[in-house]
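Following: one structure in structure tokens, then a few remarks.
The values are calculated or read from the model by the stated rules, or taken from the named source; none is laboratory data. Quick caveat: nothing in here was measured; it's all calculated off a predicted structure. FYI the Cβ positions are ideal-geometry reconstructions off the backbone, even for glycines, and counts take in every protein chain you see. Only protein heavy atoms, including side chains, enter the accessible area calculation; ligands, DNA and RNA are left aside. Shrake-Rupley method; radii C 1.70, N 1.55, O 1.52, S 1.80 Å.
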Amino acid sequence: TWSVPWADIHAAFDWVRRLDGVPQDPVHHAEGDVGTHTRMAVAALAGQARWRRLPAAERVRLFGAVLLHDVAKAECTRVGDDGRITAPGHSRRGDLTARRVLWELDAPVAWREHVAALIRHHQVPFWAMERPDLERIALRVGLLARNSDLAVLATADLLGRRCADTTAVADQIAMFEEYCAELGVADRPWRFASDHARFGYFRVEGRDPRYAPFDDTLATVTVMSGLPGAGKDTWIGAHAPDQPVVSLDALRGSLRVAPGADQRPVAAAAFDLAVGHLRARRSFVWNATNVSRQQRQRCIDLAARYHARVEIVAVEAPPAVLRRRNRARRSPVPDAVIDRLTRRWETPDHTEAHAVRWVDAR
């Protein structure tokens with residue numbers, strides 16, 4: 001019947017229940033709180049013929065994205081002194097929250113990251129024609145998820161609300177889809193000339209995605225990424241036993257810096273070691289948690305400056321396995337630190353490096 005069992009969904013997930021009573025701007029959301037909007041959005045999705053025609057696995061994945069698209073509004077919503085209601089940053093925060101939720105549910109990595117990418121960009125089709133960086137966003141979504149899915153999500157989001165400007169927004173979504181189709185990234189990723197071309201495109205503003213630069217890399221930096229206890233050391237021992245390793249854990253020990261203390265001396269020492277390898281054109285492994293894009297960017301920027309190829313290895317394990325391994329370490333990372341890291345965990349993607357490998361180390 002394509003009906004949504006909302007009562008069952010509401011009972012099953014506390015992150016759904018937390019959306020009840022969260023206020024919204026009545027101009028764009030006259031339907032009421034975030035919980036009401038979410039219920040209406042998933043019902044609107046189930047009513048779309050194009051969603052019903054998708055293969056079952058793709059329907060489930062897209063349903064998950066719509067169900068989670070506003071999951072971070074519970075923590076991002078603000079009511080100003082003038083009574084104005086906003087939810088700044090809820091798309092980016094939703095990406096992080098959805099990743100944690102789906103990781104705890106043991107969703108497959110590629111499936112989870114497809115959903116997270118849609119949530120991070122779910123507002124883009126509403127304002128697409130006003131974005132000067134639309135090409136880059138469309139190419140990024142095409143690599144991580146699917147722009148046609150993004151349009152379906154945005155349509156469900158729009159139909160799941162009561163507001164005055166639905167026609168104008170629907171036109172924006174239609175133009176976004178047409179733009180992606182003309183660019184050739186509606187249902188498939190852009191074909192870059194090489195890994196090096198893709199790496200350069202997402203680093204250099206204004207670069208033509210058709211440009212095929214000369215590959216001038218001189219060495220390879222393998223950047224590890226993963227929560228404490230995920231299994232990064234084990235992977236290095238098995239796959240890069242003969243390479244030099246810049247290890248932040250080892251430096252913490254030699255410098256006697258606790259995991260919860262100021263990490264700047266550790267980072268400075270790591271950069272000094274890395275520069276030495278790069279100047280010698282020597283491949284090496286950079287072993288740190290690197291769970292946020294910002295953390296990884298420091299390593300990647302340094303490697304790119306010395307014309308190194310960047311490969312990221314993202315190692316994961318389920319929450320219970322990860323915490324058990326961490327407790328067995330000689331110097332366990334405090335649970336509070338792991339919790340803080342999971343709240344800002346961004347899985348590496350193909351816009352960051354020449355190559356990205358996801359490793360299930362359960």
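Taking the stated definitions as given, is Pro132 without any contact (Cβ under 8 Å) to a residue 60 or more places away in the chain, in contact with a Ser or Thr (Cβ under 9 Å, 6 or more places away or on another chain), surrounded by fewer than 16 Cβ atoms within 10 Å (Cβ to Cβ) and at negative phi? No; evaluated as a whole, the condition is false for this residue.
Candidates in the stretch 149-161 are the residues that are open to solvent by less than 20 Å² (accessible area, probe 1.4 Å) and among the hydrophobic types (A, V, I, L, M, F, W, C); of these, the one that is farthest from Ile119 (Cα to Cα) is Leu158. Leu102 meets the stated requirement of being under 21 Å from Leu143 (Cα atoms) and out of contact with any Asp or Glu (no Cβ under 8 Å at 6 or more places or on another chain).
Within the stretch 71-83, residues that are small (Gly, Ala, Ser) sit with their Cβ atoms under 9 Å from residues that are open to solvent by 30 Å² or more (accessible area, probe 1.4 Å), at 6+ positions apart or across chains, in these pairs: Ala72/Gly89; Ala72/Arg92; Ala72/Arg93; Ala74/Arg18; Gly80/Thr86. Taking each residue of the stretch 276-292 that is part of a loop (DSSP other than H, G, I, E, B) and looking for partners that are open to solvent by 40 Å² or more (accessible area, probe 1.4 Å) and among the basic types (Lys, Arg) with beta-carbon atoms closer than 6 Å, six or more apart or interchain, yields Ser292/Arg344. Of everything in the stretch 162-190 that is modelled with pLDDT under 95 and outside any helix (DSSP H, G or I), the residue that is most open to solvent (accessible area, probe 1.4 Å) is Arg162.
When you go through Val27, Val4 one by one, which is the residue that is of a type in the set (Val, Ile, Thr), within 27 Å of Pro108 (Cβ to Cβ), open to solvent by 20 Å² or more (accessible area, probe 1.4 Å) and not in a helix (DSSP H, G or I)? Within the list Val27, Val4, the selection yields Val4.
Could you check the stretch 32-44 and list, in sequence order, the residues that are open to solvent by less than 40 Å² (accessible area, probe 1.4 Å) and more than 19 Å from Ala72 (Cβ to Cβ)? Matches in the stretch 32-44: Ala44 only. For the stretch 69-94, the set of residues classified as in a helix (DSSP H, G or I), under 14 Å from the mean Cα position of the chain (by Cα) and under 22 Å from Met40 (Cβ atoms) consists of His90, Ser91, Arg93, Gly94, listed by residue number.
Suppose we filter the stretch 203-245 for residues that are among the small types (Gly, Ala, Ser), open to solvent by 30 Å² or more (accessible area, probe 1.4 Å) and part of a loop (DSSP other than H, G, I, E, B); how many remain? Total satisfying the criteria: 2. Is it the case that the stretch 234-244 has a residue that's over 20 Å from Ala353 (Cα atoms), without any contact (Cβ under 8 Å) to a residue 40 or more places away in the chain and of a type outside the set (Gly, Ala, Ser)? So far as the stretch 234-244 goes, yes, one or more of its residues are over 20 Å from Ala353 (Cα atoms), without any contact (Cβ under 8 Å) to a residue 40 or more places away in the chain and of a type outside the set (Gly, Ala, Ser).
Here Val22, Val42, Val66, Val60 are screened, and the one residue that is in a loop (DSSP other than H, G, I, E, B) and either touching a Cys at 6+ places or on another chain (Cβ under 9 Å) or under 22 Å from Ala116 (Cβ atoms) (or both) is Val22. Here Ala258 passes the criteria (1) surrounded by 13 or more Cβ atoms within 10 Å (Cβ to Cβ); (2) not in a helix (DSSP H, G or I) except the one numbered (1).
Total residues in the stretch 246-255 satisfying the condition of being surrounded by fewer than 18 Cβ atoms within 10 Å (Cβ to Cβ) and within 18 Å of Arg309 (Cα to Cα): the figure is 0. Within the stretch 45-56, the set of residues being free of Cβ contacts under 8 Å to residues at least 24 places away in the same chain and either open to solvent by less than 70 Å² (accessible area, probe 1.4 Å) or part of a helix (DSSP H, G or I) (or both) comprises Ala49, Leu54, Ala56. Evaluate the stretch 330-342: report whether one residue or more is open to solvent by 20 Å² or more (accessible area, probe 1.4 Å), assigned to a helix (DSSP H, G or I) and over 22 Å from Ala267 (Cβ atoms). Checked against the condition, which is being open to solvent by 20 Å² or more (accessible area, probe 1.4 Å), assigned to a helix (DSSP H, G or I) and over 22 Å from Ala267 (Cβ atoms), the stretch 330-342 yields at least one hit.
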